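Taking it in order: structure first as structure tokens, then the write-up.
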Amino acid sequence: MSNTFRNFTFAVLVLGGGIGIGLLLGSGGGKAAANRSPGDIVGASYRMERAYLVAVHVPNSEVDKVLKAVVSAVGLEYGKYDRVAFLDAPGLEQFRPMEGSKAGRQAEAVRVPTTIVSFSVPHDLATLRKALDAIRYVHSYEEPVIYVSEVWRSRATARDDSNPNRWWNRKPQ
């Protein structure tokens, strides 16, 4: 392991039925975790940058509407691509309206077919707010379930033309 990765720990995360690899900051070796920077990790063909990761529970029938609104608001650009989002496998969201909700108090919980839509935006509060405003405007729920996390995301810095695992470098079989 190179010095570039010293004092970092990778962890497998489970979020809404999906699995991803996350980076947890270590606290040993001098710098405190809070003082770490994405610039501490740079590879031959990538770098890391700060971003916000947004995950929102969306009724299956509204996924396209929510994505269209967010794309219109912030583009969902990631490098040389746009409209970049992840749609988790559909599942069931459960909730029970309580006193004071628009639906009024109900005795039983309700289950609604739902997809978790996640995407990242640059680490900029104005951009994050535009994305959240777009979600809140088109989402049909009184209280949409929206999670926002500060994360680091990878960005390509080179075409990686010599890597045989890149789709553009694969030889036809």
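Do you know which residues across the stretch 109-151 are over 18 Å from D82 (Cα atoms), in a strand (DSSP E or B) and not acidic (D, E)?
Answer for the stretch 109-151, where residues must be over 18 Å from D82 (Cα atoms), in a strand (DSSP E or B) and not acidic (D, E): V110, R111, V112, P113, T114, T115, I116, I146, Y147, V148, S149, V151.
For the condition basic (K, R), at pLDDT 95 or above and either part of a strand (DSSP E or B) or in contact with a Leu (Cβ under 6 Å, 6 or more places away or on another chain) (or both), what is the one hit in R47, R83?
The match here is R83.
Please enumerate the residues belonging to the stretch 152-167 that are in a loop (DSSP other than H, G, I, E, B) and either among the acidic types (D, E) or within 29 Å of N60 (Cβ to Cβ) (or both).
Of everything in the stretch 152-167, those that are in a loop (DSSP other than H, G, I, E, B) and either among the acidic types (D, E) or within 29 Å of N60 (Cβ to Cβ) (or both) turn out to be D160, D161.
Working carefully through the options R105, R83, find the one that is more than 17 Å from I146 (Cβ to Cβ), in contact with a helix residue (DSSP H, G or I) (Cβ under 8 Å, 6 or more places away or on another chain) and of a type outside the set (S, T, N, Q).
Answer to the check: R83.
Among the candidates S72, S45, which residue alone is of a type in the set (G, A, S) and out of contact with any helix residue (DSSP H, G or I) (no Cβ under 9 Å at 6 or more places or on another chain)?
After applying the criteria, what remains is S45.
Which one of the conditions (1) in contact with a strand residue (DSSP E or B) (Cβ under 8 Å, 6 or more places away or on another chain); (2) surrounded by fewer than 17 Cβ atoms within 10 Å (Cβ to Cβ) does S118 fail to meet, given that it meets all the rest?
(2)
From A107, A126, which residue is among the small types (G, A, S) and either surrounded by 15 or more Cβ atoms within 10 Å (Cβ to Cβ) or under 28 Å from Y46 (Cβ atoms) (or both)?
A126
S72 is checked against (1) at pLDDT 95 or above; (2) polar (S, T, N, Q); (3) within 22 Å of E150 (Cβ to Cβ) and fails just one. What number does that condition carry?
That leaves (3) as the condition not met.
Answer yes or no as to whether E62 is of a type outside the set (K, R) and either assigned to a loop (DSSP other than H, G, I, E, B) or touching a Lys or Arg at 6+ places or on another chain (Cβ under 7 Å) (or both).
In short, no.
Confirm whether S118 is within 30 Å of R159 (Cα to Cα), of a type in the set (G, A, S) and at pLDDT below 95.
No, not satisfied.
The values are calculated or read from the model by the stated rules, or taken from the named source; none is laboratory data. What you are looking at is a predicted structure, and each value in this text was computed from that prediction instead of being measured. Here Cβ is always computed from backbone atoms with ideal geometry, including for glycine, and neighbour counts include all displayed protein chains.
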